[in-house]
Amino acid sequence: MRETSTCFFCGERLVSGKGLLSCMYCGQEEVDNDICPDGHYICRNCREKNIIELIEDFCLGSNSQDPVNLAIQLMKAPHFKMHCPEHHFLVPAVLLTAYSNTISAERKLDKWLLAARFRAEKVPGAFCGTHGSCGAAIGTGIFISLLTRATPLSGNEWELSNSQVGRSLLSMASYGGPRCCKRVTFISLLESGKFLKEKLGVQLNIPEIITCTFSEENKQECLKEKCPFYPANVLS
């Protein structure tokens, strides 16, 4: 079969040849003429959704306990930008999903995601540079505050959610700038996993090693060898 372009998800060369493909985000089956050898496909409906809707729908349909894998799958969607405020919702959404699947609280997930979306949308883009507080880190606070039902008048719950944001920010800041939405997303998920196990006794299925596959999209701002997720560092 004739080779065409590359797969948005794995980078493999697509081949031309009509086939029935299943969407990796919603499971809907469609016939298409460009086929990834590994079966990766996104349906027309999911391609037309805005990223916030895609995140929410994908999370509601997932049984994964690994927030990093969930985030990577979503960030590889062809219309998910390298840098965008949608990461502010992505972080709490995948954490809530993995947590929900870990403790079997699926019935709460739709309400949690709705609340997380509402809160995350109040954090504008470029917040890391203009306010000194990365939206991905704030997303970890949204996650903890929803789990603990924290309010401005809470005691321990208030402490936990603010401590989580603080830990995430300090870890991010230790690598310096410029910003990278992928780097801070990975850091937020790792810090949340450690915090959740330490403070609430719940262990998510988070990989020990994370390799970033987005560095080529971040040509001007990637820290490269200074980033803990840069492929050359992970593989060395």
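The values are calculated or read from the model by the stated rules, or taken from the named source; none is laboratory data. None of these values were measured; they are calculated from a predicted model. Cβ: placed from backbone, ideal geometry, glycine included. Neighbour counts: every protein chain shown.
Within 21 Å of Leu113 (Cα to Cα) and of a type in the set (Val, Ile, Thr): is that true of Val234 in this structure? The answer is no for Val234. Assessment of region 37-52 against the conditions (out of contact with any helix residue (DSSP H, G or I) (no Cβ under 8 Å at 6 or more places or on another chain), without any contact (Cβ under 8 Å) to a residue 12 or more places away in the chain and over 26 Å from Leu169 (Cα atoms)) yields at least one matching residue.
Consider region 114-136. How many of its residues are among the small types (Gly, Ala, Ser) and within 15 Å of His83 (Cα to Cα)?
5
The residues of region 120-142 that are assigned to a helix (DSSP H, G or I) and over 16 Å from the mean Cα position of the chain (by Cα), listed by number, are Phe127, Cys128, Gly129, Thr130, His131.
Restricting attention to region 23-62, the residues that are surrounded by 14 or more Cβ atoms within 10 Å (Cβ to Cβ) and part of a strand (DSSP E or B) total 4.
Please state which one of Lys224, Lys219, Lys197 is in contact with a Phe, Trp or Tyr (Cβ under 8 Å, 6 or more places away or on another chain), farther than 14 Å from Ile72 by Cβ and free of Cβ contacts under 8 Å to residues at least 24 places away in the same chain.
It is Lys224.
For Leu190, the criteria (1) buried (at least 20 other Cβ atoms within 10 Å of the Cβ); (2) under 16 Å from Val94 (Cβ atoms); (3) touching a helix residue (DSSP H, G or I) at 6+ places or on another chain (Cβ under 7 Å) hold in every case but one, which is (3).
Name the single residue, out of those in region 167-180 being within 19 Å of the chain's Cα centre (by Cα) and in a helix (DSSP H, G or I), that is farthest from Cys212 (Cα to Cα). Among those that are within 19 Å of the chain's Cα centre (by Cα) and in a helix (DSSP H, G or I), it is Arg167.
Conditions (1) buried (at least 23 other Cβ atoms within 10 Å of the Cβ); (2) assigned to a helix (DSSP H, G or I); (3) polar (S, T, N, Q), marked per residue:
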{"site": "Ile144", "(1), (2), (3)": "yes, yes, no"}
{"site": "Glu157", "(1), (2), (3)": "no, yes, no"}
{"site": "Lys182", "(1), (2), (3)": "yes, yes, no"}
{"site": "Phe195", "(1), (2), (3)": "no, yes, no"}
{"site": "Pro207", "(1), (2), (3)": "no, no, no"}
{"site": "Glu221", "(1), (2), (3)": "no, no, no"}
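The residues of region 63-80 that are in a loop (DSSP other than H, G, I, E, B) and touching a helix residue (DSSP H, G or I) at 6+ places or on another chain (Cβ under 8 Å), listed by number, are Asn63, Ser64, Gln65, Asp66, Ala77, Pro78, His79, Phe80. Just one residue in the set Ala105, Ala98, Ala173 is assigned by TED's automatic domain parsing to the domain that holds Cys227 and either on the phi > 0 side of the Ramachandran plot or touching a residue at least 24 places away in the same chain (Cβ under 8 Å) (or both); that residue is Ala98.
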